[in-house]
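Accompanying notes for the structure given below.
The values are calculated or read from the model by the stated rules, or taken from the named source; none is laboratory data. On a predicted model such as this, the values are computed, not experimentally measured, just so you know. Please note: Cβ atoms are built from the backbone with ideal geometry, for glycine as well, and neighbour counts cover all protein chains shown.
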Amino acid sequence: MTEDLEGSQWYDSEAGPLVRPYAMTGGRTKPGPTGVRFDLIALVTLDKGAPGVDEDSLLGPEHRALIDLCRTETQSVAELAAGADLPVGVVRVLLGDLLELGCVTISRPVPPAQLPDERILREVIDGLRAL
Amino acid sequence: MVSENSDASADETTALALKILVAGGFGVGKTTLVGAVSEIRPLRTEELLSEAGQSVDDTDGVDHKVTTTVAMDFGRITIRSGLSLYLFGTPGQDRFWFLWDELSQGALGAVVLADTRRLEDCFPAVDYFEHRHIPFVVAVNCFTGARAYGAQDVSRALDLDRGTPVVLCDARDRDSGKEVLIRLVEYAGRVHTARLLDSVG
């Protein structure tokens, strides 16, 4: 293989689309000025009343895809990434945009060390048993 | 730093999500286990490797940036409205260890899946969670044809800390998978309580 072609070996059928993922974010790899890194299980809730949610003007198709996924129910960051078929890093940047525009609220997961009491764990255990 | 702003808007009744990791060697049944207990079809999410290559990018320039993706399986169990359990199958390959740090952040606990025919495959995962004091259970996936060992044999072979549960399971079976998760949550609760007592006394 010549040196020129070396890079192309990455693009086998498993490599996915040829558009570089961060092209969708305008090259940004970190969410806006807040700089918060959303956890994979941070929950994203759509603010249906927010201006911008039903306007196409400011947002790209990927932003809209995320909004549409949130319409039915609150979604975790991981679910959004899977649902929109986008890498998590890209979804984080897009969510940062939506947060700044006030379209969504994003909850930070409660660290287990701060769980209020055993009640929740008990609830989880009972819930698992009942499945 | 993480800002506290997001908390201000969140009221007490906001949805609560808990994270459980499923780790273990390649091909031990992580995806199978996640699929068996998840109420949603196992989704695969992909994470860019850009951060691992950041130091390279700084000198080489953006045009040489190599992006590849690593897949993670995950599933969800809704306990009730507003309380969900998320399961993440950790990437098996060693070169994706850096992803574990993010995954384990704030995790309730972990399941380390083991296959007694190649027990050594789960050593790295056991080490990882022990060092970070993340509660975990070892779930021995009882493959048909694999010689059956008792939970005690496995516990001794892995040199587990006292109290770390070992559960025999069938990763394909939903009830068996549920039992593994129940044991983990119970154990995580005990560890959590013990730490609270420690910090008080």
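Details
- Note on the stretch A:74-86: residues that are among the polar types (S, T, N, Q) and surrounded by fewer than 24 Cβ atoms within 10 Å (Cβ to Cβ) total 2.
- The numbered conditions (1) closer than 16 Å to A:L128 by Cβ; (2) assigned to a loop (DSSP other than H, G, I, E, B); (3) acidic (D, E) are all true for B:D161 except (1).
- Restricting B:R132, B:R195 to residues that are closer than 23 Å to B:K19 by Cα and under 18 Å from the mean Cα position of the chain (by Cα) narrows the list to B:R132.
- In the stretch B:1-116, counting only helices (runs of 4 or more DSSP H) that sit wholly within it, the ones holding 1 or more residues that are at pLDDT below 65 and either among the small types (G, A, S) or within 16 Å of the chain's Cα centre (by Cα) (or both) span B:5-9, B:54-60.
- Any hit, the stretch A:87-109, residues being surrounded by fewer than 18 Cβ atoms within 10 Å (Cβ to Cβ), at pLDDT 90 or above, more than 12 Å from chain B (Cβ to nearest Cβ) and assigned to a helix (DSSP H, G or I): no
- Pick from the stretch B:71-117, criterion basic (K, R) and at the interface with chain A (Cβ under 8 Å from one of its Cβ atoms), ranking: nearest to B:R132 (Cα to Cα): B:R76
- When residues of the stretch B:176-192 are limited to those that are more than 16 Å from the chain's Cα centre (by Cα) and more than 9 Å from every other protein chain (Cβ to nearest Cβ), the one surrounded by the fewest Cβ atoms within 10 Å (Cβ to Cβ): B:R190
- Residue in the stretch A:65-73 that is at pLDDT 80 or above, in contact with a helix residue (DSSP H, G or I) (Cβ under 7 Å, 6 or more places away or on another chain), surrounded by fewer than 16 Cβ atoms within 10 Å (Cβ to Cβ) and facing chain B (nearest Cβ under 10 Å) present: no
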